[in-house]
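The values are calculated or read from the model by the stated rules, or taken from the named source; none is laboratory data. Fair warning: this is a prediction, and the values are worked out from it, not measured in the lab. Cβ placement follows ideal geometry from the backbone for every residue including glycine, while neighbour counts extend to all protein chains displayed.
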Amino acid sequence: MGNVLAFCEFQDGALRSSALSNLAFARTAAEAHGGEVVILLVGHGAQAASASAAKFAPKVVVVDDAKLEHYLAETYAPILADQAKALGAAIVSATATAVGKDLMPRVAALLDAGMASDISKLAAKNQFVRPILAGNAYSTIEISSPIICVTPRQSEFEPAAELGSAGAVSTAAAGTIDSKGAEFVKLDAQKSDRPDLGDAKVVVAGGRGMKNGENFKVLEELADLLGAAMGASRAATDAGMVPADWQVGQTGKIVAPNLYFAVAISGAIQHLAGMKGSKTIVAINKNKDEPIFQVADYGIVAEWEKAVPELIAEIKKLKATR
Ligand SMILES: Cc1cc2nc3c(=O)[nH]c(=O)nc-3n(C[C@H](O)[C@H](O)[C@H](O)COP(=O)(O)OP(=O)(O)OC[C@H]3O[C@@H](n4cnc5c(N)ncnc54)[C@H](O)[C@@H]3O)c2cc1C
């Protein structure tokens, strides 16, 4: 029997939606190991998110300390390792977000544990499926260490639903917090009223065919009508048309919204690796032979200059009738 310790990121007193994919994985793993899911919330403000977390697991452990206000792998990793030992965890997991990918290898090192990164499926108790070659093939890996650290991909696990009753919340001390010389300097985040790209249910992404940053304004109008996040291909971000943190793909963000618009994006494998898990994909491209149409559920062969304003006008009309 082994428990699954699920490290969950939170924001404004609630779990981030990316954490719900980790919990979906954690439930499957707990079943395979005959244990239970224990949510671990770490950081200043963790206590405030505990009620939201308790809806998703029978146990929630909170480590809340003012010194943990800003995430640093150096200070967080020992807390995860200590809690994993204290709870007899067989698996320690965190969604493969920027934080999860940064944190979990260090936790694995502290626990002398095997690490399964970016996994798409639990094949058996200690076997994990993960995409390789930019998502063109899948490999199954087996890990034999007593504790295993895992980062499940958000795009591959349906968000966990709430349980019928709330779990028990307990607190634990952070212990000695030692940043080992690392220091949080500042957070340089783009201020936006739009949802976070990793959490958004709708994403509107543009590519090189948008030609310049000014032209993205029409996509932003579409995004705002739909309550969507903005995304882009690497060609668009590398050209400086839009901020780098909009990049979707193998070396950008992996997203799996309900609806993904790919506008003037050709559909290179590195881009597809970041968005092909989207539930519905709409492609707008002037060239009908582009690979994006092979993954698209709806394809519009047209110049975006014509198709996007028409789409906006139709959405506005529909909204006006509601
Ligand atoms: C190691 C590595 C990692 C990479 N990681 C990523 C990644 O994470 N994300 C990523 O996106 N890319 C990544 N790339 C780059 C990738 O290979 C492609 O170069 C990139 O995705 C192309 O972006 P694009 O589709 O915007 O541009 P293009 O391939 O140039 O496509 C532009 C498209 O716009 C269309 N178009 C032009 N004008 C119009 C118009 N008026 N109306 C409608 N359509 C129009 C064209 O038909 C074309 O399909 C990576 C590459 C490497 C080697």
Subset tally (residues that are surrounded by 18 or more Cβ atoms within 10 Å (Cβ to Cβ) and modelled with pLDDT of 95 or more) for the stretch 152-165: 2
What do you reckon, is Glu305 of a type in the set (Asp, Glu) and within 9 Å of the ligand (Cβ to nearest atom)? yes
Among the candidates Gln47, Gln11, single out the residue that is over 20 Å from Thr151 (Cα atoms) and surrounded by fewer than 20 Cβ atoms within 10 Å (Cβ to Cβ). Gln47
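Could you please find all residues in the stretch 284-299 being hydrophobic (A, V, I, L, M, F, W, C) and more than 9 Å from the ligand (Cβ to nearest atom)?
Phe293, Val295, Ala296
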Across the stretch 108-144, what is the number of residues that are under 19 Å from Thr97 (Cβ atoms), within 16 Å of the ligand (Cβ to nearest atom) and in a strand (DSSP E or B)? 2
When only residues in the stretch 192-221 that are within 25 Å of Asn22 (Cα to Cα) and away from the ligand (no atom under 16 Å from the Cβ) count, which is surrounded by the most Cβ atoms within 10 Å (Cβ to Cβ)? Ala200
Picking from Ala189, Ala244, Ala168, Ala182, the residue that is surrounded by fewer than 18 Cβ atoms within 10 Å (Cβ to Cβ), within 13 Å of the ligand (Cβ to nearest atom) and farther than 16 Å from Met275 by Cβ would be Ala244
Evaluate the following for Gly207: is it within 28 Å of Glu158 (Cα to Cα) and in contact with a Phe, Trp or Tyr (Cβ under 9 Å, 6 or more places away or on another chain)? no
Within the stretch 201-223, the residues that are within 21 Å of the chain's Cα centre (by Cα), at pLDDT 95 or above and over 20 Å from Pro291 (Cβ atoms) are Val202, Ala223
Scan of the stretch 250-271 for residues that are near the ligand (Cβ under 9 Å from one of its atoms) and modelled with pLDDT of 95 or more, ordered by number: Ala262, Val263, Ala264, Ile265, Ser266, Gly267, Ala268, His271
Counting only residues that are in a loop (DSSP other than H, G, I, E, B) and β-branched (Val, Ile, Thr), which one in the stretch 158-191 is farthest from Asp224 (Cα to Cα)? Thr176
Look through Thr237, Thr280 and report the one residue that is closer than 27 Å to Phe157 by Cβ, polar (S, T, N, Q) and within 9 Å of the ligand (Cβ to nearest atom). Thr237
Can you give me the number of residues within the stretch 268-293 that are more than 20 Å from Leu20 (Cβ to Cβ), of a type outside the set (S, T, N, Q) and surrounded by 22 or more Cβ atoms within 10 Å (Cβ to Cβ)? 6
Failed item in (1) surrounded by fewer than 24 Cβ atoms within 10 Å (Cβ to Cβ); (2) away from the ligand (no atom under 12 Å from the Cβ), with Ala228 passing the rest: (1)
For a quick check of your reading of the model, give me the residue pairs whose first member lies in the stretch 212-239 and is assigned by TED's automatic domain parsing to the domain that holds Ile292, whose second is of a type in the set (Asp, Glu) and part of a helix (DSSP H, G or I), with beta-carbon atoms closer than 7 Å and at least 6 apart or on different chains. Met230/Glu220
